[in-house]
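Undergrad: So that we are looking at the same thing, I have put the structure below in structure tokens.
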Amino acid sequence: MIAYHVIKKWRRRQADQAALANQAALATLEAPPTTEARPRAAAVARPVATATGDTVIEAQGLVKRYGSLLAVDDISFSVRAGEIFGLLGPNGAGKTTTLEMIEGLRRPDAGDALVLGRSVQRQPRAIKERIGVQLQTTALPTNMTVAEAIDLFGAFYLHRRPTVDLLRDFDLTEKADSFTESLSGGQVQRLSIALALVNDPEIVFLDEPTTGLDPQARLNLWDVIEGVRARGQTVVLTTHYMEEAERLCDRLAIVDRGKIVALGTPTGLIGQYAPGAAIEFEAPDAAPFRAIDGVERVEDEGDRISLTTQQPERVLAQLFAPGTGLPPIRNLRVHQGRLEDVFIALTGRKLQP
């Protein structure tokens with residue numbers, strides 16, 4: 001009901017502005033010419049963009065409790081201008097709460113964060129004018145077209161991007177006059193990111209942007225996010241998808257149970273915590289493979305066995321050597337270390353979405 005009245009009020013204001021514009025146009029036609037100089041509207045100054053590589057976010061000992069639950073436990077990290085920085089971890093790890101404290105949407109119990117040189121504790125309003133936020137759950141206005149939704153969100157800011165540009169950049173031009181409730185899941189996510197960018201922010205926060213999307217829609221949205229970075233904007237996102245973090249993030253923090261357990265580039269983290277290879281195959285029993293020379297870890301997932309090793313050639317030679325007495329294997333696959341292996345090495349368990 002509140003949303004309905006907001007929309008109704010906004011539409012009435014749009015109609016009033018159009019009427020005033022028409023009246024002004026008629027007055028101009030009817031009024032005699034004058035040489036008197038008329039005052040010009042003052043231009044709204046846009047803050048100077050931060051140079052690429054400068055620190056734009058600095059989280060300092062953030063803590064958040066909910067009763068006896070310590071959701072965020074002394075988290076600190078920094079984000080550089082122009083990069084995609086990720087918070088990777090399972091649901092309930094504290095990623096969203098951390099993001100909300102940095103965005104100024106949730107007050108920390110301890111610590112602070114500097115965003116574009118300003119404290120989220122003391123200057124949240126100034127920060128919000130220069131950032132864009134896409135929440136984990138998208139709640140779009142009903143009974144409103146895509147173009148109207150962008151116009152509505154843009155009306156809240158002193159500086160905004162043209163609606164037509166956002167429709168084009170997010171491949172929503174053909175949906176401009178469609179109601180938001182008729183959009184597909186991928187289109188809804190594209191629109192939600194467009195709304196986060198309506199004020200042309202210097203930093204964009206995306207909370208689990210591809211959750212619930214089919215694989216093709218997820219790939220399409222990855223292209224959209226990379227396009228945001230290509231425009232020079234900084235992106236901070238949360239995700240529990242390993243492949244998403246590897247594809248998109250320049251640097252990332254792995255978060256587990258309210259703490260950062262590792263921070264670095266995807267390649268650097270893999271090199272440090274999962275430098276070897278994984279050999280996966282199907283076999284009736286995992287026990288005999290534990291005795292193979294060079295195998296560091298054996299994971300038995302029922303129908304599939306995984307051997308972790310830093311000597312894959314040596315292990316493969318033993319797997320196929322005659323007379324070893326090993327059970328037959330099939331559907332073998334070898335891959336280098338991945339972020340999933342990093343998470344297992346750090347926490348002792350697989351990341352469960």
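The values are calculated or read from the model by the stated rules, or taken from the named source; none is laboratory data. Here the structure is a predicted model, which is why all the values come from computation and not from measurement. Quick reminder, even Gly has a Cβ in these numbers, built from the backbone with ideal geometry, and neighbours come from all protein chains shown. For accessibility, only protein heavy atoms count, side chains too; no ligands or nucleic acids. Shrake-Rupley method; radii C 1.70, N 1.55, O 1.52, S 1.80 Å.
Undergrad: Per residue, what accessible area does the stretch 135-293 have, given a 1.4 Å probe and all protein chains present, in Å²? Display every interim value, and only then the final one.
TA: Numbers: 6590 Å² over 159 residues.
Computed with neighbouring chains in place, this is 41 Å² per residue.
Undergrad: Can I ask one more? Please work out the ratio of the alpha-carbon Rg of the stretch 256-353 to 2.2 N^0.38 Å and round it to two decimals.
TA: 1.16
Undergrad: Mind putting a number on the dipole of the stretch 288-331 about its Cα centre? Charges go on the C-beta only, +1 for Lys and Arg and -1 for Asp and Glu, and I need it in Debye to the nearest 20.
TA: Numbers: 5 positive and 7 negative charges, 24 e Å.
For the stretch 288-331, the charge dipole is close to 120 debye.
Undergrad: Starting from the exponent 0.38 and prefactor 2.2 Å, build the expected Rg for the stretch 131-280 from its residue count and divide its actual Cα Rg by it.
TA: 1.16
Undergrad: Got a sec? Charge dipole of the stretch 270-353, +1 on Cβ for Lys and Arg, -1 for Asp and Glu; which of Gly325, Ala277, Leu307 is way out at the positive end?
TA: Projecting each Cα onto the dipole axis, the largest value belongs to Ala277.
Undergrad: Still on this model: In debye, nearest 20, what is the charge dipole magnitude of the stretch 67-201 about its Cα centre with +1 on Lys and Arg Cβ and -1 on Asp and Glu Cβ, if you could check?
TA: 360
Undergrad: Same structure, new question: Assigning unit charges at the beta carbon (Lys, Arg +1; Asp, Glu -1) and nothing else, what dipole magnitude in debye, to the nearest 20, does the stretch 235-336 show about its Cα centre?
TA: Taking the Cα centre of the stretch 235-336 as origin, the dipole is about 220 debye.
Undergrad: Still on this structure: What aspartates and glutamates does Lys175 reach when the alpha-carbon gap must be under 14 Å and sequence neighbours fewer than 8 apart in one chain are set aside?
TA: Straight-line reach from Lys175, under 14 Å: Glu148, Asp165.
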